[in-house]
Structures are given as C-alpha cells and as structure tokens.
Amino acid sequence: MRAEQLGVQLHCLRHAVRESLPRALESIRRLGLDVVELVSFPGCRGNPWGDFGTAADLPPRSIRSALENAGLRCPSVMVNALELAPARIDVALDWIAGVGADTVALTAFSLPKGATVPDWQAALASANAHAERCRNRGLQFVLHTQPELWATVEGRSAIEFLPGLLDSSLVSLEYDPSGAVMHRADPLRLFDDWRGEFHAVHLRDARAPLEPVPYLPALPLGLGTIDWIAFLHASRRAAVGWYFMEMEVAEAAQTLDALECSLAYLGSLGADVPARAAAFHGLSTLAGSA
C-alpha cells in the first residue's frame, strides 16, 4: 500500500457533512490524505443509518468544486441497489460523473430476509448487466462485498458463487472484510478465490459477535481480530487499487479519533502512510469502548 492509495470512505463522516461539507473534507486533508470515496448523497436520503442532510441537495458540480478546493481526489462513489433500477440509473450515473468520479460501487443487493441460493445467484448475475450499463456511460462498475455474502444459505454462502457468476472483465470487487469476521470466515481467503481485479478494500477491524447481529460496527485497525500484516501482504499480491478507511464506529463522535488511530497503527506496521499521520490519539478511550 502506497500513501497515495489511502483514503476515507465518507459515509463514516456523514454526521460532519451534515454540519458542513467543506469542513468535513478539510478534516480528511488534515489527516494528510488526499483521497475520498463518496456515497451518493441523494441516494442516502432518509437512510436509517444516517444521511447527508442538505448536502444531498447540492448539485454535483458544487460537490466537485468542494473536493477540488480541499485538494481531494474521488475515484469512486457508492450507490444503493434502488439507484441502479432502470428508472433511476441515469440520474445516479449523471451524479457520479458530475462529482468527477469514474467508478460506480454497488453497496449491496436488496434481497428479502430468507433469500434462497437461486435468489443470490440471480442477484449476482444482475451485476454483469449493471456493469454493461455503466461501461456504456464510460464508467467502471464495482461490487462491494456486503456482510450477507458470507451468511450460510442452504448449506452454502453466496461468496462462493462470485467467481462463477461475475464477469471479471466487467466487474471488480470492493472488499469489506467485516462480513468475513462477522461470519467467522477467513478474511484473507477472498484474495485467493477472486481472480479478477480488486478496485479497493475497506479498512475496518472487527471482532466476531457472540450472537448473530444485523450489523457489526467498525473498530480502529488493530483492535479487532484481523491479522493486518497478513492482510496487507495479501492485498498487495492481489494488486488492490485503493484503500479506504471506513470507521463506522459505534459512537459517531469518535470517528476522527478512530481514523487517526488507524493511520498510526498502519504506520506502526511499516505501511506507507502520509507524513502527517497522527500518533495514537484517543486509543485508550476507543479501546475501552470496543
């Protein structure tokens, strides 16, 4: 991992964006970073996990200007499945192109509880059609690995079907290892199983829950169970393009501390991190709340 590949997934700072987009972007620059992955602000309206407030009303060119003023690059934007529906996809792709990104990342498939193996197979196959539509607009398509891909369905997990159903010439992966941790799978295995490209990984740590949970909040890197030395070696062998810290921690007020601690932890492992990466500010507090 090179310093210029490292950035932040902005969804974890949505609370700050609601107050001021320029200040939220500047907080990323103060970490010494110059890369950010956006989420479609309009697509998050009314999201129970939290939205971007009035920033969703900003025209894409204004968001692009805010990024440029902050000195930030935006290689990709995450969207939800509804935004890729035929009636909405053109609006979503216009927004993504308008903010200056060239890659569309689908956050998750919208499947009902109790989805069957054929349901998952059909959803995965639909990613190829999404990718074709994006390519026709000059955009790349990426599938983010939602945690449910590792859940057991009829004795199997959907993650097993990826290599056979996704066209790797059209679809790249954005790997979030929290799903593997949540379902007690090997976080390194996907690097070997997927033979296509990895657009990015989402850097977040976690510990497997004692009981099943619908969502697993992030821990700062080094406070969970992932072997980050092995993970970073495997990601380098897989030629991962980008590394986005996704500190969706339980307490929003601790997000920036979690980002600082994660940067410092990466530096302690010998990773190439920005010169301005902070020391372990707030680590004891965050560790105590984990």
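Bear in mind these aren't lab numbers, they're just calculated from the coordinates by the rules spelled out. Every value quoted in this text rests on a predicted model; they were computed, and no experiment measured them. Cβ: placed from backbone, ideal geometry, glycine included. Neighbour counts: every protein chain shown.
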Problem - Per-residue Cβ neighbour rank within 10 angstrom, fewest leading, 107, 54 - result: 54, 107
Practice task
Report the calculated FRET efficiency for residue 102 and residue 152 (r = Cβ-Cβ distance, R0 = 51 Å), to the nearest 0.05.
Solution key: 0.90
Completion exercise
Eigenvalues of the alpha-carbon gyration tensor of region 195-258, times 5 and square-rooted, give semi-axes in Å, largest first, of 23, 14, 11
Practice task
Give the percent of DSSP beta bridges with both residues in region 118-272 that are antiparallel, rounded to the nearest 5.
Solution key: 20 percent
Completion exercise
Checking region 1-89 for trypsin sites (Lys or Arg not before Pro) in a loop per DSSP with at most 13 other beta-carbon atoms within 10 Å yields 2, 45
Problem - region 98-181: antiparallel DSSP beta bridges as a percent of all, rounded to 5 - result: 20 percent
Problem - 23 Å tail of the calculated P(r), the chain, as % of Cα pairs - result: 53 percent
Handout entry: Unit charges at the beta carbon, dipole of the chain: most positive-side option, 93, 144, 80
Key = 93
Problem - Selection from 58, 161, 48, by position along the positive dipole direction of the chain (Cβ) - result: 58
Fill in the blank from the handout: Relative contact order in percent for region 3-289 (Cα pairs under 8 Å, 6+ apart) equals 17 percent
Handout entry: Under 12 Å, Cβ to Cβ, from residue 112 - net charge with Lys/Arg +1 and Asp/Glu -1
Key = -1
Problem - Magnitude of the charge dipole, the chain, Cβ model with Lys/Arg +1 and Asp/Glu -1, debye to 20 - result: 360 debye
Practice task
Starting from the Cα of residue 117, step 7 Å along the direction of its Cβ; do the same at residue 85; then give the gap between the two resulting points in nm.
Solution key: 3.0 nm
Problem - Spherically averaged projected area of region 29-144 from its Cα convex hull (nm²) - result: 8.1 nm²
Handout entry: With at most 15 neighbouring Cβ atoms within 10 Å, loop chymotrypsin sites (Phe, Trp or Tyr not before Pro) (DSSP) excluded, longest segment of the chain
Key = 50-214
Handout entry: Selection from 224, 250, 234 lying farthest towards where the dipole of region 215-262 points positive, charges on Cβ
Key = 234
Fill in the blank from the handout: Along principal axes, largest first, the alpha-carbon spread of region 133-198 in whole Å comes out as 38, 21, 18
Problem - Nearest-20 debye value, region 1-135 charge dipole, Cβ charges on Lys, Arg, Asp, Glu - result: 200 debye
Completion exercise
Among beta bridges assigned by DSSP with both residues in the chain, the antiparallel ones amount in percent, to the nearest 5, to 10 percent
Problem - Net charge dipole size for region 88-155 [Lys, Arg +1 and Asp, Glu -1 on Cβ; Debye, nearest 20] - result: 100 debye
